[in-house]
Amino acid sequence: MNNLPFILTQYWTVSELNRYLHDLFEDDLTLQDIWVQGEVSNLSQPSSGHLYFTLKDSSSALKCVMWRNTVMKQTFLPREGQAIEIHGSVGIYEAGGQYQLYSDLIRAVGEGALYQEFLRRKGLLEAEGLFNLERKRRIPKFVKQIGVITSPTGAAFRDIINTINRRFPLVEVILAPTVVQGEEAPSQIIDALLRLNQNISPDVIIIARGGGSIEDLWAFNDEGLARAIVSSASPVISGIGHETDFTIADFVSDIRAPTPTAAAEIATPNFADLLINLSDYRIRLERTTQTFLDKKQWQFNQYQHRLSLRSPLHRIQSNQQKVDETYRRIILVMEHYFDIQRARTNGLEQKIASLNPQSILKRGYAIITHLDNRLVSSVHHVQVGDELNVNVQDGEFSVRTLPSRSN
Amino acid sequence: MKNKLANDQKNKNQHEQLPFEIAYAQLEQIIMTLETEEKTLEETIELFERGESLLHHCIDLLNQAELRIKQLTGDGISDFEFNENK
C-alpha cells in the first residue's frame, strides 16, 4: 500500500479556470448565435452608454449586456418589464466570474412571429412558382410613362422624382398615391396597381416605400398584393425600404431594387450615358459616310483615268503627235536635201566663176574686139588701120592696127 | 436646290414629331446600315442627312426635356404638384 505512487494534485488559479470556461463557451456554436425570449428587468444605461439588463422568465434570469456602439444601431430599445427577443452570444465575464449574454439585436416579441409568417408566405408563394425568373418581364430600354405607387408625401417619391429628373426627364410620371403602411395599405396599393394598369398601362410601374421596421413594411408582404403584382400587365420594379429589407413584393416583382432611388435608376437610362452614345453615333455616322465618299471618289478617279485613255480626244492627240513627228522628219530631210543642193551650187558657182573671161583678164590677158563688138581672135579678122577695142581687167582702150612687122 | 431645302424642312418637321425612343432606334438602324451595307451614293447621302437630323433631334429632346408629373386617383388623372409647405 505504501508503494502507491505519489500523485501531485494540480491546482488551477481562478484566472485559469475562468479563461478555460471562456474558451469553452466561445467554442460552442450554439452559444455564439442564439435567440432568447424573456422579460426585461433591472434595465440600466450608465454614462458609458452600454446597456445592462436582466432577462427573466417565471423561474430563471439571465444577465445581458449590449455595448454602446451596438446600442446606437438599434431601431428598438426595450423598456422595463417588456417582453423582448434578443440575439447575441453567451460568454464569460472573467473579472466577475459571471456568464452573460452579449446582445447585438433586440426586438419586441411579435416581430419574430411576423418574420416567421413572412417566411411561411414566402415559402408558399415560391412553391407556387411566383418567384420564377422565367415569368419575370424585361423593363423597356426607353420608357415613356412610369407609374409610381407610393405615398405622395414620403421621401421615397421625392427621391424617385429627383432621380428620374436627373437621368431621363423625357418621361411622364404618373403617381398613384397610397398609404404605405397600416391596415389600409395593402388594399390601397392593390387598387393603385389595378388603376394604373387599366387607365394608363405605363411602360413600367415602381412600387416604393422608404425604410422602416418589419411592421412598417408589412403591407408589402400581403399575399393579395403579391398576386396583383404577378398579374400586372406592366412590369413592376419594387424599391421598398433599405438594401437589407426584403418583402414578398420584392420577390414577385420583375426587378427588386434595393431602394426607391435605385428603382428609379433601373427604370430609366442615364442622360449622361445617352449623350456619350449619341456623340459616338455622330462619329460613326460621319466616319462611315466619309469613308464611303472617299471610296467613291477614288473609284471615280480610276474611271475617269480609264475613260480618258479610251477617249477619241486621246486618239486625236495621238494622231496629232504622229503628224507632228512626221512633219519634223520631213523638215529634217528637206533641210538635208537643201544643204546638199546648196553645196553643189557653190561648186558650180566656182566653176562658172573660173570660166568667166573676166578672170582671164586678171591674169593679164586682153579681149580685143571691133567697135561693133566682133571678137578678134585671128589675124584674118583685122585690116591695117582698123580701130579696135582692147578690154583689160580694169577697163578698155582703143588701138589702131599697124602693118605686121614680119610682112 | 429649292426642292432639296423643302425636303430638308419636311424631314426635320417629321423628326420633330418623333418620340425619343423611335428617333434613337432609327438612328441606330441608320448607322448599322451605313456600316454593314453597300448603298448607292444617293442613298448614302440621304441616310447620312437623316442620321444627322435624327441625332440633333435626340440631343435637342434630351436637352429640352422637362419631367411631367401627373396623379391618378379614383377620380381620374390630374396634374401633380409637390406641396412645398411639407
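The values are calculated or read from the model by the stated rules, or taken from the named source; none is laboratory data. Fair warning: this is a prediction, and the values are worked out from it, not measured in the lab. Because the Cβ atoms are built from the backbone with ideal geometry, glycine has one as well, and the counts that use them run over all protein chains shown. Accessible surface is based on the protein model in full, side chains and every heavy atom, while ligands, DNA and RNA are left aside. Shrake-Rupley method; radii C 1.70, N 1.55, O 1.52, S 1.80 Å.
Residue separation times 0.36 nm, minus the C-alpha to C-alpha distance between A:S44 and A:V333: what's the value?
Between A:S44 and A:V333, full extension yields 90.4 nm more.
Which residue fluctuates the most in chain A, going by a Gaussian network model with Cα springs under 10 Å, if the choices are A:R19, A:R310, A:R195?
The residue with the greatest mean-square fluctuation here is A:R310.
In degrees between 0 and 90, to the nearest 10, how far off the longest principal axis of chain A does helix A:111-128 point, with axes built from Cα atoms?
50 degrees
With solvent modelled as a 1.4 Å probe, how much accessible area in total do chains B and A shield from it at their shared surface, in Å² to the nearest 100?
Counting both chains, the buried surface is close to 3800 Å².
Could you run the Karplus curve 6.51 cos²θ - 1.76 cosθ + 1.60 with θ = phi - 60° over region A:332-347 and give me ³J(HN,Hα) per residue in whole Hz, x for Gly and Pro?
With the stated coefficients, region A:332-347 comes to 4, 4, 5, 4, 4, 4, 5, 4, 4, 4, 5, 4, 4, 4, 4, x Hz.
Put +1 on the Cβ of each Lys and Arg and -1 on the Cβ of each Asp and Glu in the protein assembly as shown; which of A:T244, A:L307, A:G212 then has its Cα farthest toward the positive end of the dipole?
A:L307
Report the net charge of residues surrounding A:L278, where surrounding means a beta-carbon distance below 12 angstrom and charges are Lys +1, Arg +1, Asp -1, Glu -1.
Net of charged neighbours comes to -3.
For chain A, give me the percentage of DSSP beta bridges that are antiparallel, rounded to the nearest 5 percent.
Restricted to chain A, the bridges split so that about 65 percent are antiparallel.
Can you give me the long-range amide H partners of A:G88? Hydrogens built in the peptide plane at 1.01 Å from N, cutoff under 5 Å, separation of 5 or more residues or another chain.
Those qualifying (amide H under 5 Å, at least 5 residues apart or on another chain) are A:I34, A:D104.
Under 10 Å, Cα contacts only: if you run a Gaussian network model on chain A, which one of A:R328, A:R227, A:R166 comes out with the highest mean-square fluctuation?
A:R328
If each residue of separation counts as 0.36 nm, what is the full-extension length gain between A:N132 and A:R284 once their alpha-carbon separation is subtracted?
Additional length available on full extension: 50.6 nm.
Just name one of A:T70, A:V148, A:Q321: the one whose Cα is farthest towards the positive end of the charge dipole of chain A (beta-carbon charges, Lys/Arg +1, Asp/Glu -1).
The one lying farthest along the dipole's positive direction is A:Q321.
Using only DSSP helix segments of four residues or longer, with each worth -39500 (n - 2.57), what per-residue ellipticity at 222 nm results for chain A after dividing by its residue count and rounding to 500?
-14000 deg cm²/dmol
At A:D33 and B:E81, where each label point lies 7 Å from the Cα along Cα→Cβ, what is the point-to-point distance in nanometres?
Output for this residue pair reads 5.6 nm.
Between A:Y93 and A:Y115, how high is the FRET efficiency from 1/(1 + (r/R0)^6) when r is the Cβ-Cβ distance and R₀ = 45 Å? Nearest 0.05.
Efficiency, rounded to the nearest 0.05: 0.90.
Taking the radius of gyration and the Kirkwood hydrodynamic radius from Cα positions alone, what is the Rg/Rh ratio for the protein assembly as shown, to two decimal places?
That ratio is 1.75, to two decimals.
Measuring from label point to label point, each 7 Å out along Cα→Cβ, what is the A:Q10 to A:Q304 span in nm?
The modelled label-to-label distance comes out at 10.5 nm.
Of the candidates A:V379, A:V333, A:V230, which one comes out as most mobile in a Gaussian network treatment of chain A with C-alpha springs shorter than 10 Å?
The residue that fluctuates most here is A:V379.
Under a Cβ-Cβ cut-off of 12 Å, what is the net charge of the residues other than A:E184 that fall near it, where Lys and Arg count +1 and Asp and Glu count -1?
-3
Once a ≥ b ≥ c are taken as the square roots of the eigenvalues of the Cα gyration tensor of region A:161-254, is the result rounded (a/c under 1.5), prolate (a/b larger than b/c) or oblate (a/b not larger than b/c)?
Oblate shape, in that a/c is at least 1.5 and b/c is the bigger or equal ratio.
In terms of modelled amide H atoms, which long-range or inter-chain residues lie less than 5 Å from the amide H of A:R209?
Amide H to amide H, under 5 Å and 5 or more residues apart or across chains, A:R209 pairs with A:G239, A:I240, A:G241.
Report, to the nearest 10°, how far helix A:271-309 tilts away from the longest principal axis of the Cα atoms in chain A, using its own Cα long axis and a range of 0 to 90°.
20 degrees
Could I have the simple spin-label model distance between B:E52 and A:V323, label points 7 Å from Cα toward Cβ, reported in nm to one decimal?
Output for this residue pair reads 4.9 nm.
Charges only on Cβ, +1 for Lys and Arg, -1 for Asp and Glu: so what's the dipole of the protein assembly as shown about the Cα centre, in debye to the nearest 20?
The calculated dipole for the protein assembly as shown is roughly 3900 debye.
Under a Cβ-Cβ cut-off of 13 Å, what is the net charge of the residues other than A:E223 that fall near it, where Lys and Arg count +1 and Asp and Glu count -1?
So the surrounding residues net to 0.
If one takes the longest principal axis of the Cα atoms in chain A, at what angle in degrees, from 0 to 90 and to the nearest 10, does the Cα axis of helix A:155-167 lie?
Rounded to the nearest ten degrees, it is 10.
Using a 1.4 Å probe over the heavy atoms of the protein chains, calculate the carbon and sulfur portion of the accessible area of the protein assembly as shown as a whole percent.
53 percent
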